[in-house]
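The values are calculated or read from the model by the stated rules, or taken from the named source; none is laboratory data. Note that the structure is a prediction, hence the values are computed from the model and not measured. Neighbour counts are summed over all protein chains in view; Cβ atoms, including those assigned to glycine, are modelled from backbone coordinates with ideal geometry. Accessible surface is based on the protein model in full, side chains and every heavy atom, while ligands, DNA and RNA are left aside. Shrake-Rupley method; radii C 1.70, N 1.55, O 1.52, S 1.80 Å.
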Amino acid sequence: MKFESAEDLAAKTEGPSSNDITIATNPNGKITKWNKKAEKIFGYSAKEALNQNISMLFSGKNQGKENEYLQEVRAGKAKQYEIACKAKSGKKLSVAFSAFPEYENSGEVTSICQIAYDMTNKEDVEEKESVLYSIIDSSDNAIISKNVKGIITSWNPAATKLFGYTEDEAVGKSITIIFPKDGFEEEDLIIENIRKGQKIENFETIRCAKDGTEKPVLLTVYPIKNKSGKITGGVKIIKDVSQKDREDEKQATLAAIVSSSDDAIISKDLKGIITSWNHSAEEMFGYTEKEAIGKHISLIIPKERLPEEDRIIGSIRRGEKIDHFETERIAKDGTRRQLSITVSPIKNSRGKIIGASKVARDISLRLEAERQQALYTERLQELNKYKDEFMVMASHELKTPLTVIMANLQLLQELLQKDKNVVFIEKAAKQVHKLAELVTNLLDVSKIQAGKLAMNPTEFDLNELLSESLGNLQQTTKTQKIIYNGNGNKLMIRADRERIEQVITNIIGNAIKYSRSPGDIIVKAAKKDGNINVTVTDKGIGIPKKDIENIFLRFYRVSGSASSFSGSGVGLYISAEIIKSHGGKIWAESKVGKGSVFHFSLPALSTK
């Protein structure tokens, strides 16, 4: 208990309306003055108390100790003491006394004035205050009190969290520290209402945090009154509604999405009763929102599929989501709808599952497209089979006459070596050779498609094969020089020698064919990481970026200027299949106008 000075206490005893217990005694403790408050607390009338020793108020062992308590006062000093007392009724009291001397002109202490406070219920009051402070401190809302001049007198932790000011930074400052610059007039209106004793409820406004952030808030202001009923200030309860605004915005966004979705979105409780039904659900099933809400979801489920609903609800109760479940539902007019549905649990704020949200997408068109695609694929496979059979047959049938024609042309060349007309035979032989090569390629394609492209692997030196093949290919061109860098090392592999030579011939042949001007063709081969890598670099016309990924596909022809060159579009396809069948890889890089780089790699033969 904090005691006041004697001067302050004396001032409080003036007049008969004092709210404090006022008692006066002579220096020996005999009561000479007894006010109404003393009568009320102790139960003795003034007549009963006057001229009695003040120890009559003390209880138990404290009786007769008035001289001990008043000794310092008689010596001219103020004295504060708390002592157990007893009312006339026998009620036990705890009373705090503030005693100070009163003097005559001679300076002698002639009277002692005692101001007393009933502290009997002090612990109850302190407990109530403690509970109140605990509530204020733990509140999620900012709670701020201020006096009638707008000066902050209390500031709870939630206010610190919301506005950024600590209690020390805020208390003693004007409440306008949290006002926007253009909002000071609000405080005048609030103070005016407080002075009138009027409560302000749920007032939406803006306040500012320490960092300048504007906070949308909802505030309620109550007047504060003292014991005498005088208004001394106000207490503000401030709720941050920025989160609420965000949640409202989120809800509005979700509602807009649900409303505008092309998919039917339906929610239901755990008993299967429909609780929401969007516009697309109306269009899909023919029932209006009014017709559907409150009905069981079986409204749109065919009888033979009703067991599905039990399984769906069972999964939802376990908190399981059902993704893209393809099923059938029925519209109001009896039309069957092929649907893909996704069902998710709906949880309340406590995490309890209370229902399910169903998103239904009409997949009738997709299923029909898939059916048509399957029919098309089946027909295409059938046609491809006929085509492959024809190609095999045609290739076999063409090879024999082509062989005969080539043999006769070669014989004529020998017979007419010195005849000026032999040039025509040479031209015919060249074209027959191209036709024979095309027939061979088409036959290989058919074998690849049938999985019957035979391989006869042997062990050989790829370095030797490259040197031999490149030497032969150099004879076919006078404008390009083929430079081989194999370092002279043996590069042993196990593969079909003729098929690998076919790959080399195809890649180098393309490099020669697609080079418009003289330029070196660089070939490199080296062993690395268990593979033998071969690289062919040319300075030809290059391949557009959009074509580079497709050049190894069957019958694919490069667009642009490359399309002006003759070719069947199967050479690189056959090469890729040969390399893949040996467990290798093939790929290409190119820039239009700069040339191309082709790579292939094959597993190296272990030398251990």
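Table for the structure above
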read-out: Hey, Lys290 open to solvent by 70 Å² or more (accessible area, probe 1.4 Å), part of a loop (DSSP other than H, G, I, E, B) and at pLDDT 90 or above or not; value: no
read-out: Considering residues of segment 86-135 that are modelled with pLDDT under 85 and in a loop (DSSP other than H, G, I, E, B) only, the residue most open to solvent (accessible area, probe 1.4 Å); value: Asn105
read-out: Segment 58-117: number of residues that are in contact with a Cys (Cβ under 9 Å, 6 or more places away or on another chain) and among the aromatic types (Phe, Trp, Tyr); value: 2
read-out: Which numbered condition Ala407 fails, given (1) open to solvent by 80 Å² or more (accessible area, probe 1.4 Å); (2) modelled with pLDDT of 75 or more; (3) in a helix (DSSP H, G or I); value: (1)
read-out: Check on Glu214, open to solvent by 40 Å² or more (accessible area, probe 1.4 Å), in contact (Cβ under 8 Å) with a residue 12 or more places away in the chain, out of contact with any Pro (no Cβ under 6 Å at 6 or more places or on another chain) and of a type in the set (D, E, K, R); value: yes
read-out: Selected residue (criterion: least open to solvent (accessible area, probe 1.4 Å)) from residues of segment 308-327 that are of a type in the set (D, E, K, R), touching a residue at least 24 places away in the same chain (Cβ under 8 Å) and not in a strand (DSSP E or B); value: Glu309
read-out: Out of Gly319, Gly286, sole residue that is more than 18 Å from Ile363 (Cα to Cα), out of contact with any helix residue (DSSP H, G or I) (no Cβ under 8 Å at 6 or more places or on another chain) and among the small types (Gly, Ala, Ser); value: Gly319
read-out: Checking Lys418 against (1) more than 60 Å from the chain's Cα centre (by Cα); (2) open to solvent by 80 Å² or more (accessible area, probe 1.4 Å); (3) modelled with pLDDT of 80 or more; (4) not hydrophobic (A, V, I, L, M, F, W, C), the condition it does not meet; value: (3)
read-out: Selection within segment 64-77 - surrounded by 14 or more Cβ atoms within 10 Å (Cβ to Cβ) and over 14 Å from Ala24 (Cα atoms); value: Lys65, Tyr69, Glu72
read-out: Any hit, segment 79-89, residues being more than 14 Å from Ala116 (Cα to Cα), touching a strand residue (DSSP E or B) at 6+ places or on another chain (Cβ under 9 Å) and of a type in the set (A, V, I, L, M, F, W, C); value: no
read-out: Some residue of segment 11-21 being closer than 22 Å to Met56 by Cβ, at pLDDT 90 or above, part of a strand (DSSP E or B) and not aromatic (Phe, Trp, Tyr); value: no
read-out: Qualifying residue in segment 497-512 (condition: over 24 Å from Tyr573 (Cα atoms) and either modelled with pLDDT of 90 or more or open to solvent by 60 Å² or more (accessible area, probe 1.4 Å) (or both)); value: no
read-out: Those residues of segment 151-171 which are open to solvent by 50 Å² or more (accessible area, probe 1.4 Å) and part of a loop (DSSP other than H, G, I, E, B), in sequence order; value: Thr166, Val171
read-out: Per-region count, segment 336-355, residues without any contact (Cβ under 8 Å) to a residue 40 or more places away in the chain and open to solvent by 30 Å² or more (accessible area, probe 1.4 Å); value: 10
read-out: Selection count where residues are open to solvent by 20 Å² or more (accessible area, probe 1.4 Å) and within 60 Å of the chain's Cα centre (by Cα), scope segment 452-480; value: 9
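Condition check ((1) on the phi < 0 side of the Ramachandran plot; (2) of a type in the set (Gly, Ala, Ser); (3) not in a strand (DSSP E or B)) across all residues:
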residue: Ile143; (1), (2), (3): yes, no, no
residue: Lys149; (1), (2), (3): yes, no, yes
residue: Gly197; (1), (2), (3): no, yes, yes
residue: Lys210; (1), (2), (3): yes, no, yes
residue: Val217; (1), (2), (3): yes, no, no
residue: Ile237; (1), (2), (3): yes, no, no
